[in-house]
Structures are given as structure tokens and as C-alpha cells.
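This report refers to the structure that appears directly beneath it.
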Amino acid sequence: MEKIPYDIILDIQRKVNIVDIIAEYLPIERKGKNYFAICPFHDDHNPSMSISPEKQIYTCFVCGESGNVFNFVMNYEKISFKEAVSKVAQKAGVMLDVKVDDKPKVEDKNIKYYKMFDITNKYYQNNIRSSYGKKALKYLNDRKLDDETIKEFEIGLSMNDNNVSKLLVNKGYDINELVDIGLCGKNKNFTYDIFRNRIMFPLYDLDGRVVGFSGRIYNEEDDSKYVNSKESLIFKKGMLLYNYHKAMKYAREKHQIIIVEGFMDVIRLYTVGIKNVVASMGTAITKEHADLIRKLSKNVVLCFDGDKAGEKATISAIEALEKIGIEPKIIRLEDNLDPDDYIIKKGIDLYNNHLNNLMSVVSFRLDVNKTNTNFNDFNEVSNYIKSITKELEKIDDKVVYELTLKKISKETGVDVDTINDMVSKVPKKEKKIINKRITISKNKYDKAEEYLIYYMLRNKTAIELYRNKVSYLKNKKLSRIAMETLEFYEKNGYINLTDFTIYLEDKKELINEVLRIDDLKLPDDVSPGVIEDFIKTIDDGIIKDEINKIKEQIRTETNVAKKVVLLEKLSNLKKRECK
């Protein structure tokens, strides 16, 4: 396997900023001199991953995951170190004359399916631009979708024939596989297209590849408004969000992501300049959806249809997002309209008014409960207040709490103090305990080894003292780090934390340990004498272990001559210990 030279890797690293690279994957925010993000490597609810622009490293204070820009890309995308270097090189504008595909990618086995959809998608797009597509184009234009939008979202047209089946079979694709992925159907020996005489909307995976279609009627000849691709090896609704590949950029620019139900809602919002939007494509928000959303932004807006079904979907989405520590904002559109129809009928100004005056989860739940309560029935009023106390208990802001309390009191006629007393009786919800890294108590000998490594990562004096005076370190991981540090220094003539982590490439355990030790709160500058004291303590620990080992051998030895030799060794070790 061809290895990328260290000096080239280092040159690539120096041409990028780790903050900018991670910001392409995760929402980040600045706190002091560092940046923070929700850690993608464990079930993180609060930003616990720190990114240092000064050191060009990232560290999660909870799970301990850490490294440089290449380690992040490698771990996030689950690719090899070499592939990660290649990806970062592309972002840095560096041409690598190195073969990076050491092994076939996992998804390579599905390439034929992506090609089937790609060919079909291009065929549908050609249809809508042909003379056969005039009626469909008029329908879309009447729906206020211009040619630029039609092209942007690759909208096409399926014909009232079986040409997709014929086209793909002629290109050598297996008919049974075409049936499996939902492009074709089969009845005995007759093969037919699933989508016929419909406006076709391609559905994409997270990387922007077409993996399915939704076909809409436009000539009122079919009772089914939409026909959608069935789930397949490459198309699973619960794992995908429509427009995710395009929305990533805009969500990070706006620090906000809007979630709608249907792809037509996404397209409509695009036409009025709102591009930080994705759709769940009519399915409930799954845990996988929620995790994808969290990677875009922690500021989430739910804008589902304005009817009862949309209300139910909003409740479900809130619950899914709250489980991962996100409290979304809500838009509820009047007249039971979806975002597409709302903007067409009422205009973008009214929609933007909603977007600028978002509803909190508490306010949304208050409204839902209020709508379902008969305020002339005292029992229903009592149940209403009891349900609301669960929401009041979650409010940390005292001003918001008091205003909400007064609002409920005014609506129900129940005294503020009475409602407040009910809230105080609600048991506090237990906070989820996150398992932090276990800190093992260390003796002075263990600490001396760590302190020596700390200073070896900072100055050549410590490295030279290690080379000349240390026989070995008891901690095997620290011993490896010390030897790698010495080797790096002897090759390059200097020591630098970021460069050293790059030198370690994909040695994850060593990099994590290096960065943990680098985070120790020790003075940066110490005299050679202090470092020699650490080395003396390390030697004492080695002698102590040897003494204990010989004592145990003496205790079990039955041969008198051998026991005498052991006693002499023990005496000599004790003399060294006393020096």
C-alpha cells in the first residue's frame, strides 16, 4: 500500500483550518478562544467537543475522542486515514498523486442501483423538455414553478408506456433487480413501468444520489395523487431527509434548519429564497432523522401542515427531538394549509411573519391542550391545569415561567398561587447521567511518567533526558508515546503537538492519550532539574516494583542457595532505593 509522505500530509494540514473543516460537518459556536460542537462520536446533548484553532485539534470532554483534522474526517466518515487525507487535500486545493482507494467502498456493491436511478432520472427530465411534456410543464408553471426551479430539482415526466423497463433491460440490467428496487413491475412474462403518465420528483439520499421517485398526477386521470417508490436496499424513508444534501450549506450559514412534511413544501420555500429546509417526506421523525437534524443545527423549526394530522406530526417530532436534547420552535399555519399552499395563497410576507415569531414548545402544548378543553367543565379545567404543570416544570427562565403562569390563571380563572403550588408538587424529572471518562487515581510514580511525557511534548531538553537517562516506562502506552516522540524528534529536529499527532496518523489510542496528557494543568516551562526529579521518581517506582517482585520470590523459594542470591539482590536494590 502506497504511503502518503509525512511532509505532504503536514503541508495539507497547514493549508486548512480544523474549525472550517469541522464546520462543514457540524454546527459550531465560539466560546472564548475555542469553538464547541455537539460531539458526533457519542450520544451528546450539550456541546462537549472543543475545537482549538491554536492547536488545530479537537477534544471531547465526555467521551475522550480527540485528534487532528484528518482524524476527525476519518472517524466521522468512517474511512481510512489515507482517504481522510485525500478528502482534506481536495478541500485545501492540493493535488495528490497517490492512489487512495486501498479497498472497495462498502457502497460499491450498490453502484448499479444508483446508475439505474440516474439513467431513469435523466430519461424523465428529457421527457418533460420534449413536445410530450408541454402539458406537464404548463401544470408546473401554473403551480408557480418556473423553469429554473424545475431544473434545480430535476423534475421530470414519466410517459404512458413501458420505455424505462425497455431502456434499462437493453442496457443490460437484470429485470428482477429492477423490480426489487421499485422501478418496474412484472406480471408473468410481462414487464411494465411502475410510474406512468406522472410528473416525477426524484428523491435523494444524503449524498445527493437519486434513490427513488414520487410521481404526481397532473391530468386528473388517476385517483392516487402520488405514487412513491417502495423502500429498497438504497431507499429507506426513516433514514433519509429530502433535500438534506442541499440544505447542509444553508443550515450552517443561517444557524437554523426548518423541517417540513413534503418535498413540494421544500421546493416552494426554495422559490422564495428559504433554502435551509428539509422534509421528512410524510413519515414520522425517527431517531435517525433526529440525529441527522442535530448535525445541521441545534436551532430547529417545525413547520408541518396546519391541519390535525400536522398537529399530531408536530407533537411526535417534538418528542423525538427532545430525546436528543433539542427543543425546537414551532410554526402553525392557519386555515389547515401546508407551507406550499400557504405561500401560494397568502404570500411570503405572512409566512415570514410566522418565521420571525416562532412558537415555543410550551406555548404549542398550551394551545393544543386549550383547544381540547371545555372550560365550562370544571373537571376538564382541572385536568388541563394538571397537564400544563408538567410543561411549567420544564421552564428555567423565571420571566417566561411567571408570564405563562399568569396566562393560564387568566384563561382558567384559577389563582396563580394555586397553580404554582401544583407545579411544586410535580416531581422533578431526573436528569440523564452521561458516563464521563473514568478517572483512575494515580500514585506519584504514574504521575511522574505522565509529567515526563507532558514536557517531552514541549521541549527538546525533556526528550534528551529521556533518551539518556530513562531505561523504560512501566505504562506501555506511555512508553510507546515516549519512543514515538523520540523518533519524531530525531527525524525532524523539533517537537510540536499538532505535527506529532499527524505523524502518528491513525494510531487513535496514542493520539487520544497524547492529547489527554497535553491537557494536564502543568506549568509550561520548568528547569531540567524538575524533569530529572520526575525521572528519579520513575526509577524509584521501577526499583520498588522489583523489590516487591523479589520479596514474593523469596517467600515462595524453597532452595536455600537460590534464596541467598535473591536476598543479596534485595539488599542491593534497597541500597539503590535509599540513594
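The values are calculated or read from the model by the stated rules, or taken from the named source; none is laboratory data. Every value quoted in this text rests on a predicted model; they were computed, and no experiment measured them. Quick reminder, even Gly has a Cβ in these numbers, built from the backbone with ideal geometry, and neighbours come from all protein chains shown. Each accessible area value is taken on the protein alone, full model and side chains, heavy atoms only, with ligands, DNA and RNA left out. Shrake-Rupley method; radii C 1.70, N 1.55, O 1.52, S 1.80 Å.
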- Note on the structure: The simple spin-label model distance between Asn353 and Asp147, using points 7 Å out along Cα→Cβ, in nm, is 3.6 nm
- Query: For segment 322-338 and segment 202-249, what is the separation of their Cα centres, given in Å?
  - Reply: 22 Å
- In segment 54-93, taking the dipole from +1 charges on Lys and Arg beta carbons and -1 charges on Asp and Glu beta carbons about the Cα centre, the listed residue (Asn68, Ile57, Gly93) farthest towards the positive end is Gly93
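Around Asn162, with a cut-off of 13 angstrom between Cβ atoms, what is the net charge of the other residues, counting Lys and Arg +1 and Asp and Glu -1?
Values: positive: Lys166, Lys186, Arg196; negative: Asp161, Asp193.
Once positives and negatives cancel, what remains is +1.
Excluding Thr373 itself, what net charge comes from residues whose Cβ is under 10 Å from its Cβ, given Lys and Arg +1 and Asp and Glu -1? Show your work: numbers first, answer last.
On the way: positive: Lys370; negative: Asp377, Glu380, Glu411.
That sum, taken over residues with Cβ under 10 Å, equals -2.
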- Query: What accessible area per residue, rounded to a whole number of Å², is obtained for segment 7-65 using a probe radius of 1.4 Å?
  - Reply: 43 Å²
- Note on the structure: Rounded to whole Å², per residue accessible area for segment 509-579 with a 1.4 Å probe reads 65 Å²
- Message: With every protein chain kept in place and ligands, DNA and RNA left out, what is the accessible area per residue of segment 136-245? Probe 1.4 Å, answer in Å².
- Response: 50 Å²
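Report the extension gain between Asp335 and Ser479 in nm, rounded to one decimal, defined as 0.36 nm multiplied by the number of residues separating them, less their alpha carbon distance.
Details: separation 144, 0.36 × 144 = 51.84 nm, distance 6.99 nm.
Gain on extension, Asp335 to Ser479, equals 44.9 nm.
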- Ranked packing of 525-531, 507-513, most packed first, by mean Cβ within 10 Å: 507-513, 525-531
- Query: Tell me, what % of the accessible area of the chain is carbon and sulfur with a 1.4 angstrom probe?
  - Reply: 49 percent
- Note on the structure: Once Arg480, Arg252, Arg143 are ranked on solvent-accessible area with the largest value leading and a 1.4 Å probe, the list reads Arg480, Arg143, Arg252
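As an exercise, use a Förster radius of 41 Å and the Cβ-Cβ distance of Ala561 and Glu490 to find the FRET efficiency, rounded to the nearest 0.05. Display every interim value, and only then the final one.
Working: r = 46 Å, r/R0 = 1.12.
That pair, Ala561 with Glu490, gives E of 0.35.
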- Task: Only one of the values [x] 276; [y] 235; [z] 161 was calculated from this structure for volume of the Cα convex hull per residue in Å³; name its label.
- Result: [x]
- If you rank Met95, Met49, Met248, Met239 by how much accessible surface each has, with a 1.4 Å probe, what is the order from largest down? Met95, Met239, Met248, Met49
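Within a Cβ distance under 9 Å of Ser280, other residues only, what is the Lys/Arg minus Asp/Glu net charge? Please report the intermediate quantities before stating the final value.
Numbers: positive: Lys237; negative: Glu261.
So the environment of Ser280 carries a net charge of 0.
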- So what is the calculated 222 nm ellipticity per residue for the chain, using -39500 (n - 2.57) for each DSSP H run with n of 4 or more, over all residues, to the nearest 500 deg cm²/dmol? -16000 deg cm²/dmol
